[in-house]
There are 2 protein chains.
Amino acid sequence: MADPDDQELLAYVEDVAGLFARDGLPLITGRIIGWLMVCDPPEQSAQQIGQAIQASKASLSTNMRVLTESGFVRTITRPGDRVTYYRIDDDAWLQITRRRLAALSGFRDVTAKGLRLLGEDSPRARRVRDAHEMFSWLDRELTPLWDRWAEMRHKEKEP
Amino acid sequence: MADPDDQELLAYVEDVAGLFARDGLPLITGRIIGWLMVCDPPEQSAQQIGQAIQASKASLSTNMRVLTESGFVRTITRPGDRVTYYRIDDDAWLQITRRRLAALSGFRDVTAKGLRLLGEDSPRARRVRDAHEMFSWLDRELTPLWDRWAEMRHKEKEP
DNA sequence: CATCCAGTTCATTCTTGACTGAACTATATG
DNA sequence: CATATAGTTCAGTCAAGAATGAACTGGATG
């Protein structure tokens, strides 16, 4: 438990990668995130990551760029050291989740457009109208939802 | 507005298809849903759908099966008529959204597994632990969230 | 300056799965 | 019964994009 063997660790990394793969993300991207969640130390060079998950330098380069640009992974550099180290952002999962939920705004926008196209009150627009009401409601729920999370987190730190 | 021209309609169908494509769903699947949201009448045969969105009989057959099996589309049949008509389910978007949110339970399960692997209280598990707390909390929020939706909907019908 | 190596870029390979045509099954109609 | 057509199935085609090897860039070191 203090030191889980590599095989278990890698199996777990595959589990994490599987989560992302279901949403169409490349396996390697998911593996990197999975590895950065459990590796020791938390900071790893591209080479270390590549060895752990068996991926090429080129793949690492591409994927690390995507992950850092999207804010899920942070880079650590030291003067006099060409090597860049990567660490999962503390809020990576929060951000992933928030973005997934925020994507629902896209649905609401499309239903809104549909209403304009068919006429807000036309009988033909009923299907679009029903969906639009649901997405609008959900969107309004999301802000207070994340407010509650922030509040809860705040309380935990100062009990 | 009463009768939007075909070009606008098809452009809109592509918008809807785009929403689904972002999650890795085939374009045709999204087009079918999009078309069934705006078509007149709401019931359409596979042939009608195929003509509208320019897809083959074979594609229609496969996709209609997937969509009906997952409960997003309902079939309508009439005695003495070999043709099956399809209609979008009234709760299709609700179901799609609920399933998307429910998928977050998968994340929670994986973080739970991670904690068992690394040891709940070990410093090394901190990253997984933080994520697990967030997903657990979110999962607990979802039930009351959908309860509120049911309640709101109920009130609308009986003011 | 020469060397070494981290990291990037790009052309290429390869896998995956969406989509279709065509053959086939089954049901309604004259 | 013969015909026409709705719907299924399946082998084959094709495109998208994930992953890589190899060539290249640039900073650190002796």
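The values are calculated or read from the model by the stated rules, or taken from the named source; none is laboratory data. Small disclaimer: the values here were computed from a predicted structure and weren't measured. All Cβ positions, glycine included, derive from the backbone under ideal geometry; neighbour counts span all protein chains shown. Areas reflect the complete protein model, heavy atoms only, side chains present, ligands, DNA and RNA absent. Shrake-Rupley method; radii C 1.70, N 1.55, O 1.52, S 1.80 Å.
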Fill in the blank from the handout: As straight-line cross-link partners of A:Lys155, the qualifying aspartates and glutamates (C-alpha separation under 13 Å, not fewer than 8 residues apart within one chain) are A:Asp147
Problem - Accessible area expressed per residue, the protein assembly as shown, with surrounding protein chains retained (probe 1.4 Å, Å²) - result: 55 Å²
Problem - 12 Å beta-carbon shell around B:Gly30, net charge (K/R +1, D/E -1) - result: -1
Practice task
Kindly provide the helix-only [θ] at 222 nm of chain B, computed as the sum of -39,500 (n - 2.57) over DSSP H runs of four or more divided by all residues, to the nearest 500 deg cm²/dmol?
Solution key: -22000 deg cm²/dmol
Handout entry: Pairwise burial B:A, computed as accessible area of each alone minus the pair, summed, 1.4 Å, Å²
Key = 5100 Å²
Problem - Computed lengthening from A:Thr84 to A:Thr62, 0.36 nm per intervening residue step minus Cα-Cα distance - result: 6.5 nm
Problem - chain A: DSSP helices with Cα axial extent of at least 20 Å and average Kyte-Doolittle hydropathy no lower than -0.5 - result: A:6-21, A:104-118
Fill in the blank from the handout: Rounded to the nearest Å, the spacing of the alpha-carbon centers of the stretch B:102-152 and the stretch B:1-53 is 36 Å
Problem - Residues whose placed amide H lies under 5 Å from that of B:Tyr86, excluding near-sequence neighbours - result: B:Gln44, B:Ser45, B:Ile76
Handout entry: the stretch A:6-88 - percent relative contact order, Cα under 8 Å, separation 6 or more
Key = 25 percent
Fill in the blank from the handout: Taking Cα pairs closer than 8 Å and at least 6 residues apart, the relative contact order of chain B in percent is 13 percent
Practice task
Report, to the nearest whole %, how much of the accessible area of the stretch B:103-157 belongs to carbon and sulfur atoms, 1.4 Å probe, protein only.
Solution key: 53 percent
Practice task
Between A:Met64, A:Met134, A:Met37, find the one with the highest GNM mean-square fluctuation for chain A; connect C-alpha pairs within less than 10 Å.
Solution key: A:Met134
Exercise for the section: Heavy atoms only, probe 1.4 Å: what % of the accessible area of the stretch A:6-88 goes to carbon and sulfur, would you let me know? Expected result: 48 percent
Exercise for the section: Quick one: work out Rg over Rh on the C-alpha atoms of the stretch A:1-141, Rh as Kirkwood radius. Expected result: 1.18
Problem - Surrounding net charge for A:Thr75, when Lys and Arg each add one and Asp and Glu each subtract one, Cβ distance under 14 Å - result: +1
Problem - Dipole magnitude of the stretch A:6-88, debye to nearest 20 (Cβ charges: Lys/Arg +1, Asp/Glu -1, about Cα centre) - result: 380 debye
Fill in the blank from the handout: Hull volume per residue for the stretch B:6-88, using the convex hull of the C-alpha atoms, in Å³ is 84 Å³
Problem - GNM flexibility winner over chain A from A:Gln44, A:Gln54, A:Gln95 (Cα, springs under 10 Å) - result: A:Gln54
Problem - Pseudo-label separations to other copies for A:Gln47 - Cα-to-Cβ vector, 7 Å, nm - result: 6.8
